[in-house]
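**Student:** Have a look at the structure that comes next, please.
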Amino acid sequence: TPSPTPTPTFTPVPSDWWFTSGQDADIILGLHGFEESGGASFLHHPGQLATDGTHLIVADTRNNRVLIWNTIPTTNYAPADVVVGQPDMNSAGAGLGPARLNWPVGVATDGTHLIVADSNNHRVLIWNQIPTRNGQPADVVVGQRDFYSREYGSGPDGLWWPLSVATDGTRLYVADTQNMRVLIWNSIPTTNGQPADVVVGKPDFSAPTGGQPPSRTNLVNPRGVASDGTHLIVSEHHQGNRILIWNSIPTTNGQPADVVLGQPDFNSNIDRGPEQGISSPWQVATDGTRLYSTDGNTRVLIWSSIPTTNGQLPDVVVGQPDLRTNFPALTREGLGGVWGVASDGQHLFIADTMNSRVVIHNVIPTSNGRPADVVLGQVDFETNAFISRVGLRTAQGLACDPGHLFIAQDYDVRVLVHNVMITESNRPADVVLGQLDFTSWGENLQANPATIVRPWGMFTDSVRLFAADAGHHRVLIWNTLPKANNTPADLVLGQPDFSMPSPVPGGMPSLGECRAGQDGLCEPRDVMYDGQRLFVADSRNNRVLIWNSLPTVNGQPADVVLGQPDFNSTSPGAGATGMSFPTHVFSDGQHLFVTDTYNQRVLVWNTIPTTNGQPADLVLGKSGFNAPPQETFFNLPMGIYSDGTHLFLADNSNHRVLIWNTIPTVNGQQPDIVLGQPDFNSRVPATNRDGLFMPTDVCFDGVHLWVSEGKFSDRVVGFSVGPVP
């Protein structure tokens, strides 16, 4: 085993070179360049779908555009005819105004109008005629007073992250997701900012936006809405795990639903498993006879008629061979992760989002597991361009030094390794860990030294590689940097050996044994080695563990615990000694930094703690350790890094990276530089060159600050130091 080595030194840069607020990124790692879409045939994680029987309309969500096919496609990889949200088929930047979009998800048409839920702009756009030319501007906006406003709001004329739209040819329905409600306009709006007429999910338009327990009248995280003119159908995502049906269109505020699917009653919301329940549905659709729903069990469910009894099971499943199975697949029969579904009564269209494609069935499936007939967005049924040496999906964690960059992808359960300092965009990786090769993907059913399930934070000291394997509740250590695909790790912590945990027979992989104690881990999200000590963010146990020297045997117990008074306690806490789901940890050898994510703060120890439960010395993001919860400067702080002089933080849901030019010394000390936003007051998510969308981790190699975006953008960007104006 190599002897401990200090954290690597970095290539010096001129003393007057540094970062500046709002600067552009220079390098992008991923499938395409900055603000590039891949063309008229390519799809980048499409959202929802609509059809009038002639046109097919697809929200190409992560390309910030909507694609229109003027006739139903009959050949694989057929190009779209018209794009809106972008000036041409090759552009993909997020924007505002009547002709731009920022992360559109929902689409609807009645054969005349095109309606789009422009989610990150908190609005719905309406075209009075289905567009016939690229970049055609919308005619009407609701949710905002004009086309150039983007504030989220409530009341009858406000929207907050709307994710789905529907029309029955007369009315407009909008799933106002973050406001936990559905808005109904009794006629399609014709003026900007027109208020809705009816609200369901809340008792009235002025009700608080916060969530309530599931019931006949409360909506919880609605992400899909549909209507055939008689019924209103609403799907609720992970906090609801259900579909609600109104047997007549609501005409009064807060009108209760009549039927619930996915649950036995209106007050339940647990994920009941694939055989009896519905997991995190997105879009729902009806062709006037049948009901269709996406399901987080990587499938589409079909009821042959609109259900009339609570908990009624579907008649047909698409994407799986039966109701018991829920494996993702990249095949003609399988699906990878579904957000959208639509039907004209003859065809079935499915947005297979995580496979970045739309599949078409030329007839409505009547038996389970029917293979699709046509695929759009990818060249064939077995290809996903994002699963490659260049492509990225859900880049979560980073590790770097001047000659290496490691990227953890939790959805593709792999780590990409670059063995050189990266100086150009879209560089292909050299090595993949956790998979046999660059085109393999998917969760590994059996834990062993080479498998990784949900890799998150990583660290390298230029000799070793450390990785948090959150899905297996363990940390892996390679004693030398891997040079070959699927290289097995040498050491495991959090489990007694590499063979634990075991999979669940016939189902998805077990997350294994989540343990506390001195040698247990539960969903660890990060690991760091400062040349002497090893630190692990044991997230689900609400603690950080410290080994006072580099572990040398599997399952070696930790020496010190922070966030808890002892090794057997796991409750979330606050103050100077508590933590609530800490996700990242870093040390410069003198200070210890912990992102206490659910407490919306960063904890700082000015010396490395040596006793259990030792209180932090400093807090960032709050004015003090006992500041009220509503006092927030961060929104889900995650990745943190220090070079000993500066401090870098990924402020995830504020869509920015913050930089302190010196190590903070007082509570609530404000950062000096912001990246991803033009100023400290902006919070707009964007996948542009100067924007960020939910950054999860940061790593500085002395020249580039690398930023991963873990959920909705599929890229890693590099910001380079330069002359400061």
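Laboratory data are not the source of any read-out in this text; all were calculated from the coordinates shown. Because the structure is a prediction, the values reported are computed rather than measured. Reconstructed Cβ throughout: ideal geometry from the backbone, glycine too, with neighbour counts over all protein chains shown.
**Student:** Suppose R0 equals 22 Å; then what is the FRET efficiency for residue 421 and residue 389 from their Cβ-Cβ distance, rounded to the nearest 0.05?
**Tutor:** 0.80
**Student:** According to the Cα gyration tensor, what semi-axes, each the square root of 5 times an eigenvalue, does the equivalent ellipsoid of the chain have, listed from largest to smallest in whole Å?
**Tutor:** Equivalent-ellipsoid dimensions as semi-axes: 42, 27, 26 Å.
**Student:** Please list 424-435, 165-176, 92-103 highest first by mean number of surrounding beta-carbon atoms within 10 Å per residue.
**Tutor:** Taking the mean over residues of other Cβ atoms within 10 Å, the ranking is 165-176, 92-103, 424-435.
**Student:** Residue 668: net charge of surrounding residues, Cβ under 11 Å, Lys/Arg +1, Asp/Glu -1, itself excluded?
**Tutor:** It works out to a net charge of +1.
**Student:** For residue 252 and residue 75, what does the FRET efficiency come to when R0 = 41 Å and r is the distance between their Cβ atoms, rounded to the nearest 0.05?
**Tutor:** The pair residue 252/residue 75 has a calculated efficiency of 0.25.
**Student:** What order do you get for 650-662, 677-689 when each peptide is scored by the mean count of other beta carbon atoms within 10 Å, highest first?
**Tutor:** Sorting 650-662, 677-689 by mean packing, highest first, produces 650-662, 677-689.
**Student:** Could you tell me whether the stretch 518-654 comes out rounded, prolate or oblate from its Cα gyration tensor? Rule is a ≥ b ≥ c as square roots of the eigenvalues, rounded for a/c under 1.5, then prolate if a/b exceeds b/c, otherwise oblate.
**Tutor:** Judged from the Cα gyration tensor, the stretch 518-654 comes out prolate (a/c at least 1.5, a/b above b/c).
**Student:** Whole angstrom only: what separates the Cα centroid of the stretch 84-133 from the Cα centroid of the stretch 234-309?
**Tutor:** Spelled out, the Cα-based centre of one part sits 27 Å from the other.
**Student:** Take the Cα of residue 635, step 7 Å along the line toward its Cβ, and report every residue of the stretch 106-123 whose backbone nitrogen sits under 12 Å from that point.
**Tutor:** Of the residues in the stretch 106-123, 120-122 have backbone N under 12 Å from the label point off residue 635.
**Student:** So how far apart, in nm, are the two label points at residue 149 and residue 680 if each is 7 Å from Cα heading toward Cβ?
**Tutor:** So the label points at residue 149 and residue 680 sit 2.8 nm apart.
**Student:** Could you tell me how far the Cα centroid of the stretch 689-711 sits from the Cα centroid of the stretch 547-605, in Å?
**Tutor:** Their Cα centres are 23 Å away from one another.
**Student:** While we're looking at this one, here's another question. Throw me the Rg/Rh for the stretch 396-449, computed over C-alpha atoms with Kirkwood Rh, two decimals.
**Tutor:** Answer for the stretch 396-449: 0.99.
**Student:** Further, regarding this structure: Under Stokes-Einstein, with the Kirkwood radius over Cα pairs standing in for Rh, what whole-number D in µm²/s applies to the stretch 459-595 at 25 °C and 0.890 mPa s?
**Tutor:** 163 µm²/s
**Student:** Roughly what would the spin-label model give for residue 712 and residue 576, points 7 Å off Cα along C-beta, in nm?
**Tutor:** The two pseudo-label positions are separated by 3.9 nm.
**Student:** Would you please state which residues of the stretch 555-570 a label at residue 514 would reach in this model, taking the label point 7 Å out along Cα→Cβ and a backbone N cut-off of under 13 Å?
**Tutor:** Backbone N within reach: 570.
**Student:** Let me ask something else. If each residue of separation counts as 0.36 nm, what is the full-extension length gain between residue 309 and residue 331 once their alpha-carbon separation is subtracted?
**Tutor:** Extending this stretch completely gives an extra 4.5 nm.
**Student:** Would you please calculate the Kirkwood hydrodynamic radius of the stretch 289-351 over all C-alpha pairs and express it in Å, rounded to one decimal?
**Tutor:** 12.1 Å
**Student:** Across the Cα atoms of the stretch 63-385, what radius of gyration and what greatest pairwise Cα-Cα distance (Dmax) are found, in Å?
**Tutor:** 18.4, 49
**Student:** 7 Å from Cα along Cα→Cβ at both residue 626 and residue 15: what's the point-to-point distance in nm?
**Tutor:** The modelled label-to-label distance comes out at 4.4 nm.
**Student:** Then there is this: Let me know the whole percent of all Cα-Cα pairs from the stretch 228-321 that are separated by more than 22 Å.
**Tutor:** Roughly 19 percent, rounded to a whole number.
**Student:** So between residue 448 and residue 610, what do we pick up on full extension, going 0.36 nm a residue minus the alpha carbon distance?
**Tutor:** Gain on extension, residue 448 to residue 610, equals 55.0 nm.
**Student:** Roughly speaking, what is the stretch gain from residue 238 to residue 440, that is 0.36 nm per residue apart minus the C-alpha to C-alpha distance, in nm to one decimal?
**Tutor:** 69.9 nm
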